[in-house]
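For reference, the structure discussed in these notes is given below.
The values are calculated or read from the model by the stated rules, or taken from the named source; none is laboratory data. Source: prediction; values computed, not measured. Glycine gets a Cβ as well: all are built from the backbone with ideal geometry, and neighbour counts include every protein chain shown. Keep in mind that these areas ignore ligands, DNA and RNA; they rest on the heavy atoms of the full protein, side chains included. Shrake-Rupley method; radii C 1.70, N 1.55, O 1.52, S 1.80 Å.
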Amino acid sequence: MKQQLKVILAGGSGFLGLALARSLAARDVEVVILARSPQPAGAPGRWVRWDGRTVEPAWAGELEGAHAVVNVTGKNVNCRYTAAALQEINDSRVDSVRAVGAAIRACRRPPGAWVQAGSLAIYGDAGERECDEMTAPGTGIPVETCLKWEAAFAAEATPGTRKVLYRISFVLGHGGGALRMLVNLTRCFLGGAIGSGRQYISWIHEADMIRLWERAMEDPAMEGVYNVTSPGPVPNATFMQELRRALHRPWSPPLPAFLVPLGCWFLRTEPVLALTGRRGTPARLEAEGFQFHHTDLRQALRQLFAND
């Protein structure tokens, strides 16, 4: 009898983790989610408590003989950047990477792959320049977080475990993730372009995101850093226009850049998240033959909100 595969999702209680967990469970993969919170009713997988920084036998032992571990741990960056919040954002990422690395090294039979979430925000506010994996990092607070995150991952030596780092773009999913706030604003007839509207939004449909998680776990040739974004990035004005179309909302007035800080204050978030952007390209994925199922933003949004 073929042995059931086991996958560990560290910090898997959020939008990305749960989407992957449901997909894996449907394929009869044993899913173990490492989370701070108790398992809600109906949630996929088996949940094991961890604090995201301390190596404890209860969760670390789950990695023994696992097919792969996927780490998506990190405090949501959609918040006000107080000193305390920034410290928590950075610590949640760096500490979880170090804990996973230490747990892998303690295994007699380490996981075959470690797939680590990162962010396309490492390229900063890149304007219209295309950013592939060889593009130098930008500047700013989000970039500093990404650099600390990636440096922590690079420092973890796991000779028996293949390492893949995904620089993830804006994941489009129904009912969750970063898209939810834009959807709520658009439904309230506040879905106009933000600032100049020229800042690029690099995006990926959740179905392609799941396929890439699974590919990284299964393909022994995959290693190193990858941009995880569709080959169809668009300016903010185009993105908001297509979102209005998908949600059946009329034209909405743009939000001038000078008013963005006020709006962000009410939403308890930071202007940098709305006013900056980057034009990411999935150069390595395309070179290795990955075929995206969703490359047209209009069709992707239409598919997500077809029943709304």
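Would you pick out the residues in region 189-234 that are among the charged types (D, E, K, R) and part of a loop (DSSP other than H, G, I, E, B)? Explain how you work it out, then say what you get.
Pass one, region 189-234, residues among the charged types (D, E, K, R): 198, 206, 208, 211, 214-215, 218-219, 223.
Matches in region 189-234: ARG198, ASP219, GLU223.
Pairing residues of region 280-308 that are open to solvent by 70 Å² or more (accessible area, probe 1.4 Å) with residues that are acidic (Asp, Glu), at Cβ distances under 8 Å and at least 6 apart in sequence or on separate chains, gives ARG284/ASP132; ARG284/GLU133; HIS293/ASP208; ARG298/GLU242.
Restricting to region 16-38, and then to whatever is touching a residue at least 24 places away in the same chain (Cβ under 8 Å) and more than 17 Å from the chain's Cα centre (by Cα), can you tell me which residue is most open to solvent (accessible area, probe 1.4 Å)? Steps first, please.
Initial filter on region 16-38 (touching a residue at least 24 places away in the same chain (Cβ under 8 Å)): 16-21, 23-24, 28-35, 37.
Pick out the ones that are also more than 17 Å from the chain's Cα centre (by Cα) and you get 24, 28-32, 37.
Numbers: LEU24: 4, ASP28: 107, VAL29: 17, GLU30: 57, VAL31: 7, VAL32: 0, SER37: 58 Å².
Top of the filtered list is ASP28.
Listed conditions (1) of a type in the set (Gly, Ala, Ser); (2) at pLDDT 95 or above; (3) under 28 Å from GLY232 (Cβ atoms); (4) surrounded by fewer than 23 Cβ atoms within 10 Å (Cβ to Cβ) are all met by ALA121, apart from (4). Could you tell me how many of the residues in region 247-274 are in a helix (DSSP H, G or I) and under 15 Å from MET181 (Cα atoms)? Number of matching residues: 9. When the criteria are applied in full, ALA41 meets the requirement of being open to solvent by 70 Å² or more (accessible area, probe 1.4 Å) and out of contact with any Pro (no Cβ under 7 Å at 6 or more places or on another chain). Filter region 141-176 for residues that are more than 30 Å from ARG105 (Cα to Cα) and open to solvent by 30 Å² or more (accessible area, probe 1.4 Å) and give the result. Across region 141-176, the qualifying residues are ILE141, PHE170, HIS174, GLY175. Only one entry of LEU243, LEU262 meets the criterion of being farther than 30 Å from GLY289 by Cβ and touching a Leu at 6+ places or on another chain (Cβ under 8 Å), and that entry is LEU243.
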